[in-house]
1. Using Cα-only point scatterers and the Debye equation, what is log10 of I(q)/I(0) for chain B at each q in 0.13, 0.15, 0.18 Å⁻¹, rounded to two decimals?
2. Summarise the long-distance tail of P(r) for segment B:72-125 by giving the % of C-alpha pairs beyond 14 Å.
3. Probe radius 1.4 Å, ligands and nucleic acids left out: can you give me the accessible area buried at the B-A interface, summed over both chains, in Å² to the nearest hundred?
4. Taking every eigenvalue of the Cα gyration tensor of segment B:195-236, multiplying by 5 and rooting it, what semi-axes result, largest first, whole Å?
5. Carbon and sulfur together cover what percent of the accessible area of segment A:167-276 at a 1.4 Å probe radius?
6. Enumerate the whole-percent occupancy of each 5 Å bin, from 0 to the last occupied one, for all C-alpha pair distances of segment B:28-133.
7. What does the charge count near B:E140 come to, summing +1 for each Lys or Arg and -1 for each Asp or Glu among other residues with Cβ under 15 Å from its Cβ?
8. Under the Kirkwood approximation applied to all pairs of distinct alpha-carbon atoms, what is the hydrodynamic radius of segment B:38-87 in Å?
Amino acid sequence: MAGNCLEAAELTGSGRPVLLPTEIECSLLSAVDLECEDLPNFPNLKSGTVRMVGVSGILRKEQEMWETTDKSLQDAFQDLNALMSKAREMVMLAEKMRQKLLSGSTSQSGAAEDEELGSKQEMQDWLLSVGIISPVTKESAGAQYHQQLSRQLSDFVRIPLERAGGMMNLIDIYCLFNRARGTELISPEDLLQACSLWEKFDVPVMLRKFDSGVMVIQNKSHSDEEIFARIKILVTKPDALRTGVSASDAAITLGIAPGMAKEHLLTAESKGLLCRDISPDGFRFYINLFPEIDPNNVYSVKDYGVYDTWSRVASASE
Amino acid sequence: MRRRPGIGGLQTAAAARDQYRLLGENVAKIRTDLMKEQLTTFRTQLEDFARKHKNDIRKNPAFRSQFHDMCSKVGVDPLASNKGFWAELLGIGDFYYELGVQIVDICLATRPHNGGLINLQELCNLLRQRRKSDREAVSEDDCLRAISKLKVLGNGFEVISVGKRKLVRSVPTELNKDHNEILELAQAQGFVTVAEVERRLSWTTGRAIDAFDTLLDEGLAMIDDGHRDGIRRYWFPCVSSISTAVGADT
């Protein structure tokens, strides 16, 4: 094992190693014989005996220590290998069972069906124990652990959600929940599975995925329409008509996180409520005036409507 | 069974069908029992392993890394769930999930400084500083695994390679090839100029400025106009080799 830690040295034509500026050559001796020249009667210490004396003893001890550490790791690797082949068997068995349950034996009657459902549940639990996550589908309700976690979470998130204005990043929930737990933390996948189960239960929260991939949880009572109405009010104020609204402006006014605010503005844009303007001043949003412009008479401004308000505000600032 | 003609024969055939059906159900039941048994055996084996090597896994990052590699080859994910045997018996779940929480914290704290893109090395250093009092050593491999788990939460957590460095992204910023090339150039001195980009990458001025503007917008680059020669330098905190102690004391 030690041999792989160092790079191979270059060799000269005669097989001697090339030494780099700070290197010196040294080698490990397996045995040393010590002779004392001054005192002819001093006993010669010859290595080859097992007694730990003198320099040879030190060198030997070092070597033995190396070998025992090596050996215990070797044991560990051997045990690891044995464990893994067992794990592999489990995975294959689990696959077979899962295929069988999926292929549905729908030919069986009432009582057998209950047994089927029972074993589907068991199946999920087993897969989870071994470390195979199966996604929550229409038919399956996932492992029992996730079902319990799902209920726990829906209780836990109530207060943080209120404080955050009705919508929170999934990753923030992960940190909050785990910090509160202290030990036996949940994995990111546990969180995702538990939140995905909410749609099967009657809880006041839901998981939502934005186009950008960002995932949030929000109160069911929280509606997009309400947010859009507030955005519309914000964006038709005289200041906003002139210079538009940025994500941070929206965040402050709506009382939500800047990241969330940006998502809302983008969604409002895709609904046709806002228009974006990217300039050296940054990324800003304006109310969408195009619906009010008559394509046949582009310059006419009706006496009512936002276009009218805008043109008045815009000319007032000149 | 001998085929008998007439009603007797029909009854025998019906009885035979019934028997086959029952046998089929039994086979399914046997399989379930087999599964239960296998699971118990596996758990016992894992318990033995844990008793002997739990400490090796916790103390030795190289062994830990090897363990993970083998698990993924076999097709199991020891970090998939807190409820799995692995987390329960080997106790490695908490280690990684907590690491995840700490990584999110650090990325959040350094975001104003580097725009949501941080050098993996710097991240690991900040982590180690934070965990000074903690028992277990954290390797870069550990960080990478914790981050790959965070990915499923959809916040853009990802590791990208730029040149010979790895950067950890914590915001859903899209970096295209042009941006990556600029980041790579920046690794040498921590900054680049427009002229350098034009010369080394053979781009037009327009293309270079476009890329720089996007990087500025995302907060990944900073402008430095304070030099006597008047040439603007663009600095990239995420690839600079000087690790700053931003947020490390929180």
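The values are calculated or read from the model by the stated rules, or taken from the named source; none is laboratory data. What you are looking at is a predicted structure, and each value in this text was computed from that prediction instead of being measured. Note: ideal-geometry Cβ built from the backbone for every residue, glycine included; neighbour counts use all protein chains shown. SASA here: full protein model, heavy atoms, side chains in, ligands and nucleic acids out. Shrake-Rupley method; radii C 1.70, N 1.55, O 1.52, S 1.80 Å.
1. These q points yield log10 I(q)/I(0) values of -0.90, -1.06, -1.31.
2. Values: 889 of 1431 pairs.
Every Cα pair in segment B:72-125 considered, those over 14 Å come to 62 percent.
3. Numbers: alone 15560 and 22390 Å², together 33140 Å².
Chains B and A together bury roughly 4800 Å² of accessible area.
4. Working: eigenvalues 55, 47, 11 Å².
Ellipsoid half-lengths, sorted descending, are 17, 15, 7 Å.
5. Working: 2630 of 4910 Å².
Within segment A:167-276, the accessible surface is 54 percent carbon and sulfur.
6. Calculated over all Cα pairs of segment B:28-133, the distribution is 2, 10, 15, 19, 16, 13, 10, 6, 4, 3, 2, 1, 0 percent.
7. Working: positive: B:R64, B:R128, B:R131, B:R145, B:K164, B:R165, B:K166; negative: B:D69, B:E122, B:E136, B:D141, B:D142.
Charge balance near B:E140 sits at +2.
8. Numbers: mean 1/r = 0.0864 Å⁻¹.
That comes to 11.6 Å for segment B:38-87.
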